[in-house]
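A.B. asks: Can you keep this structure in mind? I'll have questions shortly.
The values are calculated or read from the model by the stated rules, or taken from the named source; none is laboratory data. Predicted model, so just to flag it, every value in this text is computed and none were measured. In this analysis, Cβ positions are derived from the backbone assuming ideal geometry, glycine residues included, and neighbour counts consider all displayed protein chains. Keep in mind that these areas ignore ligands, DNA and RNA; they rest on the heavy atoms of the full protein, side chains included. Shrake-Rupley method; radii C 1.70, N 1.55, O 1.52, S 1.80 Å.
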Amino acid sequence: MSGARILVVDDDPGILRAVSTNLSRHGYDVQTASTGGEALDEFSRSQPDLLLLDLGLPDCDGIDVIRRVREHGTTPIVVLSVRGAERDKVAALDAGADDYLTKPFGVEELLARMRVALRHGGAQPAATRLTMGELEIDLERRRVRLSGRDVHLTPTEYSLLSALALHADRVLTDRMLLQQVWGPEYGSEAHYLHVYVARLRKKIEADPQRPRYLITEPGVGYRLLTQEA
């Protein structure tokens with residue numbers, strides 16, 4: 001993914017310079033902006049492969065930038081923000097961001113999140129079969145196996161697992177999952193989700209209390225990991 005075009009948006013010159021320098025060293029083509037207006041102008045001009053976006057911009061809220069970008073396509077967006085409150089993460093993800101990193105963050109963690117976002121943002125079709133350690137999910141055949149044995153899931157359990165598998169390694173908010181699995185009229189019935197996550201973990205995790213695959217993002221949602229953390 002070296003050479004991908006990255007637009008970094010932050011009003012802090014120090015952070016803008018540090019992120020840009022590190023990404024350039026790893027072979028990325030980096031453009032920068034320090035306001036929401038500049039970000040949207042640069043986005044239209046350069047058509048980046050990935051947007052790294054701070055929420056606290058001087059002329060607008062970064063959530064508004066996310067919504068504007070989402071009006072025109074599916075370019076991956078990773079939020080980088082000092083706002084660590086769960087409601088801010090949920091708001092950004094529900095608006096269309098693909099991932100969220102709270103400042104300060106490590107360069108390796110940023111690069112890993114970028115790789116996931118770029119992978120999902122590419123033009124290639126989503127994989128129909130995922131293998132994660134002992135867990136295999138075959139979306140085409142609607143088949144789940146653990147350690148070589150079939151795992152029998154209810155239709156709702158399978159719908160939840162397949163929704164997570166289609167966006168593997170990305171965090172999905174409770175609202176996103178509820179609407180994908182139960183329907184667009186749902187969004188606040190988080191207890192439904194928690195019950196079915198617990199059921200899934202009993203069937204696919206060696207230790208449901210210490211899950212390897214189905215990870216909780218506290219106060220935000222869930223993520224299906226394809227690799228060990």
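A.B. asks: Restricting to the stretch 167-224, count the residues that are more than 28 Å from Arg119 (Cα to Cα) and either in a strand (DSSP E or B) or open to solvent by less than 10 Å² (accessible area, probe 1.4 Å) (or both).
C.D. replies: 0
A.B. asks: How many residues are under 22 Å from the mean Cα position of the chain (by Cα) and either at pLDDT 90 or above or outside any helix (DSSP H, G or I) (or both) if we restrict to the stretch 127-166?
C.D. replies: 21
A.B. asks: On to the next question. Somewhere in the stretch 102-125, is a residue assigned to a loop (DSSP other than H, G, I, E, B), touching a strand residue (DSSP E or B) at 6+ places or on another chain (Cβ under 8 Å) and farther than 17 Å from Leu224 by Cα?
C.D. replies: Checked against the condition, which is being assigned to a loop (DSSP other than H, G, I, E, B), touching a strand residue (DSSP E or B) at 6+ places or on another chain (Cβ under 8 Å) and farther than 17 Å from Leu224 by Cα, the stretch 102-125 yields at least one hit.
A.B. asks: Condition check: more than 26 Å from Leu23 (Cα to Cα), charged (D, E, K, R) and in contact (Cβ under 8 Å) with a residue 24 or more places away in the chain. Does Asp150 satisfy that?
C.D. replies: no
A.B. asks: Okay, next question. Has the stretch 57-79 got any residue that is acidic (Asp, Glu), open to solvent by less than 30 Å² (accessible area, probe 1.4 Å) and in contact (Cβ under 8 Å) with a residue 12 or more places away in the chain?
C.D. replies: The answer is no; no qualifying residue exists.
A.B. asks: Can you give me the number of residues within the stretch 31-56 that are surrounded by fewer than 21 Cβ atoms within 10 Å (Cβ to Cβ) and part of a strand (DSSP E or B)?
C.D. replies: Number satisfying all stated conditions: 3.
A.B. asks: Any chance you could count how many residues in the stretch 145-166 are in contact with a Phe, Trp or Tyr (Cβ under 9 Å, 6 or more places away or on another chain) and open to solvent by 60 Å² or more (accessible area, probe 1.4 Å)?
C.D. replies: 0
A.B. asks: Something else about it: If you scan the stretch 182-198, which residues turn out to be in contact with a helix residue (DSSP H, G or I) (Cβ under 6 Å, 6 or more places away or on another chain) and modelled with pLDDT of 90 or more?
C.D. replies: Leu193, Tyr196
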